[in-house]
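Below is one structure, written out as structure tokens, with a few remarks after it.
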Amino acid sequence: SAFNTSKGEVEMEIGKTFAQMVFEELSSEPEALYAKRSGNYLGQRGVTLAPKK
């Protein structure tokens, strides 16, 4: 999924390249660094879907 900050809808064509980068300011230290926590997507190539819960 992606976060859309605009007021309108965004149409995405199947097969088009898409990237999203989000920066958030932390109000406290993280419980664990990403690489130590899971690193599930670290070094991925291609599309990786989020695991189903």
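Is it true that some residue in the range 33-42 is at pLDDT 80 or above and charged (D, E, K, R)? Give the steps one after another, and end with the answer.
The first filter runs over the range 33-42 and keeps only residues at pLDDT 80 or above, leaving 33.
Subset that is charged (D, E, K, R): none.
No, there is no match, as no residue in the range 33-42 is at pLDDT 80 or above and charged (D, E, K, R).
Of all residues in the range 1-45, how many are surrounded by 10 or more Cβ atoms within 10 Å (Cβ to Cβ) and outside any loop (DSSP other than H, G, I, E, B)?
2
The values are calculated or read from the model by the stated rules, or taken from the named source; none is laboratory data. Source: prediction; values computed, not measured. For neighbour counting, all protein chains shown are included, and Cβ atoms are generated from backbone atoms with ideal geometry for every residue, glycine included.
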